[in-house]
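Chemist: I am attaching a structure below and will ask some questions about it afterwards.
Please treat every number below as a calculation from the coordinates, not as lab data. Not measured: the values here are computed from a predicted model. As a convention, Cβ positions derive from the backbone with ideal geometry for all residues, glycine included, and neighbour counts pool all protein chains shown.
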Amino acid sequence: MAAPAPGGYNGIVLRELPDADDVADPEPFAGEDHPMRQVTRQVAFEAGWSSGRAVKVSELFDSLADDWSADHVDDVKAAPVRDALIRGGVDPRGLWADLGSGTGAGTRILHGRVERLVAIDLSARMLANAPDLVPRVRADASVLPFESNTFDAVLQVNMLLFPAELDRILKPDGYFIWVNSLGDQTPIHLPPADVVAALPGSWSGVTARSGTGFWVVLRKP
Ligand SMILES: C[S@@+](CC[C@H](N)C(=O)[O-])C[C@H]1O[C@@H](n2cnc3c(N)ncnc32)[C@H](O)[C@@H]1O
């Protein structure tokens, strides 16, 4: 995986921490020509989302949901999420969201570690296969049914980035945690510097590799 740039992006600084002890290169899985990679970039940089695309993505993940936990081993996702919670300087207090929570890989890790948590996903089948640990909300991350400045922290594990809506629902000084569990082999992938570049305003934060992936913790200005 290409190392994230430690320098400034949009006037912010992304500090790169040393690799975690468990770092391993992911097996080749999803290259740059993966269809979801293109969707990811369009959504993050070109407002490339529509009601038609929402239906297609929802149907896709509905169809994958029943096998998701078995096929997409949660332990692989746990490593960078745990590391982000330990080394990312996040505050576990307040209201957190696992956005694009799927069958609950991130939810399982956050549950019991953060004060209050909501799991949000577009796919009803993914939510139905998630553990009944926290409130589960079916919603589109491009138009969330929450007031502005609602969340103290938002976690996204292998989930599309909707910069404007994320910025809206997160409180000032809130934490945004971006995880790609297979690094640049994750279908829904943006490297750390591009996450920063996609967000409005001057966000700052830290990033590190952990397990087969990486995490980024940013604070909303
Ligand atoms: C690659 S899966 C990751 C799921 C989970 N975070 C995990 O790591 O196992 C992406 C998830 O994002 C959800 N998703 C995609 N687009 C979304 C949107 N616009 N709003 C909310 N969830 C969305 C999908 O339904 C799917 O559950």
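Chemist: Using θ = phi - 60° and the Karplus curve 6.51 cos²θ - 1.76 cosθ + 1.60, what whole-Hz ³J(HN,Hα) does each residue of segment 121-138 get, with Gly and Pro shown as x?
Modeler: Karplus-based 3J(HN,Hα) across segment 121-138 equals 8, 6, 8, 5, 6, 4, 4, 5, 8, 8, x, 8, 9, 9, x, 10, 10, 8 Hz.
Chemist: When each pair of different Cα atoms in segment 70-163 is counted once in the 1/r mean, what is the Kirkwood radius in angstroms, to one decimal?
Modeler: 13.4
Chemist: Based on the Cβ-Cβ distance of ASP132 and VAL13, what FRET efficiency does E = 1/(1 + (r/R0)^6) give at R0 = 30 Å, to the nearest 0.05?
Modeler: The calculated FRET efficiency here is 0.15.
Chemist: What is the pair-distance distribution P(r) of segment 28-219, computed from all Cα-Cα distances in 10 Å bins starting at 0, with each bin given as a whole percent?
Modeler: Calculated over all Cα pairs of segment 28-219, the distribution is 10, 40, 42, 8, 0 percent.
Chemist: At a Förster radius of 30 Å, what calculated FRET efficiency corresponds to the Cβ-Cβ distance of ALA70 and SER148, to the nearest 0.05?
Modeler: Efficiency for this residue pair is about 0.20.
Chemist: A further question follows. So, in nm, how far is label SER63 from label GLU115 when the simple model puts each one 7 Å beyond its Cα toward the Cβ?
Modeler: 4.3
Chemist: Right, next: Nothing charged except the Cβ atoms of Lys and Arg (+1) and of Asp and Glu (-1): what's the magnitude of the dipole of the chain about its Cα centre? Round to the nearest 20 debye.
Modeler: Around 660 debye, computed over the chain.
Chemist: On to the next question. Modelled label-to-label distance, GLN38 and LYS56, 7 Å Cα→beta-carbon offset: nm?
Modeler: Using points 7 Å along Cα→Cβ, the separation is 0.9 nm.
Chemist: Under the classification rounded if a/c is under 1.5, otherwise prolate if a/b is larger than b/c and oblate if not, where does segment 45-108 fall, given a ≥ b ≥ c as square roots of the Cα gyration tensor eigenvalues?
Modeler: Oblate.
Chemist: Please arrange TRP49, TRP96 by how many other C-beta atoms lie within 10 Å of their C-beta, fewest to most.
Modeler: Least to most surrounded, the residues fall as TRP49, TRP96.
Chemist: Can you spot the aspartates and glutamates whose alpha carbon is less than 16 Å from LYS56's alpha carbon? Ignore those fewer than 8 places along the same chain.
Modeler: Straight-line reach from LYS56, under 16 Å: ASP121, ASP140.
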